[in-house]
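Derivation of every value follows stated rules applied to the coordinates shown; laboratory data play no part. Because the structure is a prediction, the values reported are computed rather than measured. Backbone-built Cβ (ideal geometry, glycine too); neighbour counts: all protein chains shown.
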Amino acid sequence: MLLTIVSFIVVLSILVFVHELGHFLAAKWGGVKVDEFGMGYPPRIVGVRRGETLYSINAIPFGGFTKMAGEDDPNAARGLASQSKKKRLLILAAGSIMNLLLAIIFFAFSFGLTWSMGGEGVRITGVAQDSPAAAAGLKGGDIVLYADQTKMNTPDSLIEYTRPRAGQSITLQIRRAGDTLEVPVTPRFNAEANKGEMGLYLSPKMNWGQAFVRGALQTASVVWVTLTVPVLLIRGLVPLEAARPVGPVAIAQLAGGAVQQSLAAGWWFPILQLMGLLSTALAITNLLPLPALDGGRIFFVIVEAIRGKRIAPEKEGTIHMIGFLVLLALMVVITYVDISSPLPAIDWGSMF
């Protein structure tokens, strides 16, 4: 429980800090006065003023904020609402842009740290159910160093060694969480492919350039899949349970599980993948055109551009306040579902 709580606070704090840093930097660039940059929500624990901005750490550790002058007052000096439409759009979108860039970095490091070229052995990323490898107790995150007395350097070397040895016991020397183990495995014969196989998912090896390209592609893939979920639901291609929104309880559960897998296997892949997924999700969620979210404010700027005049600030403020209350109520419902129907554990080794 303690690991889950600490993991949740650390993971969320990193994602929120980067998000709010995006708003902060864009506001400073645009000449908007930033009254306060805070981590967590009040009551305030400590605050330090540097120039015109108060930097604070607050007691409720579930979020953060960038308080800008004149957010709803177009007459405020150096206020957000008094800026041009382009500046406001950039400042409002900057948090999500930073989260997408952070997701690329997390995904890239998940690949680069565990799959970098020149690394020793062959990384197992997953184990098929009801396979010889599963029966032998092999796990995602294990590194195969030798098959019998033959050194394994690439996935192809292990595949080629296994192919002609169906029904024969192979002793794999593996490294797991810093320990070296010997595991006997008897490959089964795959008649369709005419080869012996153990039922392993093996990682390709890549350099850092390839890792960042793959990180960018995975971020784009997560964005695309998320945006197409409504269509997939309508077409019946995705069950409703698989597309349900998750709240703090489920995120804490996922964070705790990923950290446990990373610590148990000495493998950074699970937690880095989760950080990338959550950072992408935070970016997309905040860009939704809903009141009280960045996307809601962006929507009002777009409406202003189409109408040719600004919506009355008091009306916009009221809509955002109502939207905030609705979001709080929705969060209560989501939290209840998270508690009553916990998410299943994720097998990070076989997921990617």
Note to self: Cut-off under 28 Å on the C-alpha distance; same-chain residues fewer than 8 positions from K67 excluded. Which lysines are left, in chain and number order?
What the structure shows: K28, K33, K85, K86, K87, K309, K315
Notebook entry, point to check: Taking the alpha-carbon set of region 1-121, what are its Rg and Dmax in Å?
Noted result: 17.7, 64
Notebook entry, point to check: Taking neighbour Cβ counts within 10 Å as the exposure measure, how do H19, H320 sort from fewest upward?
Noted result: H320, H19
Note to self: To test your reading of the geometry: what angle, between 0 and 90 degrees and rounded to tens, separates the Cα axis of helix 269-287 from the longest principal axis of the chain?
What the structure shows: 30
Check: With a 10 Å Cβ neighbour count serving as the proxy for reagent exposure, in which order, fewest first, do W224, W208 appear?
Finding: W224, W208
Notebook entry, point to check: What percent do you get for the relative contact order of the chain when only Cα pairs under 8 Å and 6+ apart count?
Noted result: 19
Item checked: Using a Förster distance of 51 Å, the FRET efficiency for I322-W208 (Cβ separation, nearest 0.05) -> 0.60
Next item on the list: Pick out, from T66, L89, V46, the residue whose Cα sits farthest towards the positive end of the charge dipole of region 29-101, with +1 on the Cβ of Lys and Arg and -1 on the Cβ of Asp and Glu.
Entry: L89
Next item on the list: Would you pull out the residues with amide H under 5 Å of D73's amide H, same chain only if 5 or more places away, H placed 1.01 Å from N?
Entry: A81
Margin query: Test of understanding: express the Cα radius of gyration of region 122-202 as a ratio to 2.2 N^0.38 Å, with N the residue count.
Written below: 0.97
Checklist line | Structure-based [θ]222 nm, the chain - -39500 (n - 2.57) summed over DSSP H runs of at least 4, per residue, nearest 500 | finding: -17500 deg cm²/dmol
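Relative to the present Cα-Cα distance, how much length would full extension add between L227 and N194 at 0.36 nm per residue of separation?
So the extension gain works out to 7.8 nm.
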Checklist line | Potential lengthening between T180 and L3 on full extension [0.36 nm per residue; Cα-Cα distance subtracted] | finding: 61.1 nm
Next item on the list: Search the structure for amide H atoms under 5 Å from the amide H of R165, placed 1.01 Å from N in the peptide plane, and list their residues when 5 or more places away or on another chain.
Entry: G196
Notebook entry, point to check: What is the spin-label model distance, in nm, from L217 to E120 if the labels are put 7 Å beyond Cα along the C-beta direction?
Noted result: 3.0
Next item on the list: Return the lysines within reach of K151: Cα separation strictly under 29 angstrom, same-chain partners fewer than 8 residues apart disregarded; answer none if there are no such residues.
Entry: K139, K195, K205
Margin query: If exposed means no more than 14 neighbouring beta carbons inside 10 Å and the site is in a DSSP loop, what's the longest run of the chain without any exposed GluC sites (Glu not before Pro)?
Written below: 193-352
Next item on the list: On a C-alpha basis, how far is the centre of region 155-183 from the centre of region 252-304 in Å? Whole number, if you could?
Entry: 37
Margin query: Name the residue from W208, L102, W29 whose Cα lies farthest towards the positive end of the charge dipole of the chain, charges +1 on Cβ of Lys and Arg and -1 on Cβ of Asp and Glu.
Written below: W29
Notebook entry, point to check: How large is the charge dipole for the chain, taken about the Cα centre, if only the Cβ atoms of Lys, Arg (+1) and Asp, Glu (-1) carry charge, to the nearest 20 debye?
Noted result: 960
Next item on the list: Select one label from [x] 20.0, 62; [y] 19.4, 57; [z] 24.7, 80: the one whose number is Rg and Dmax of the Cα atoms in Å as derived from the coordinates shown.
Entry: [z]
Notebook entry, point to check: Of all DSSP beta bridges in region 113-225, what percent run antiparallel (nearest 5)?
Noted result: 95
Next item on the list: Determine, for K195, K139, the number of other Cβ atoms within 10 Å of each Cβ, and report the residues in order from fewest to most.
Entry: K195, K139
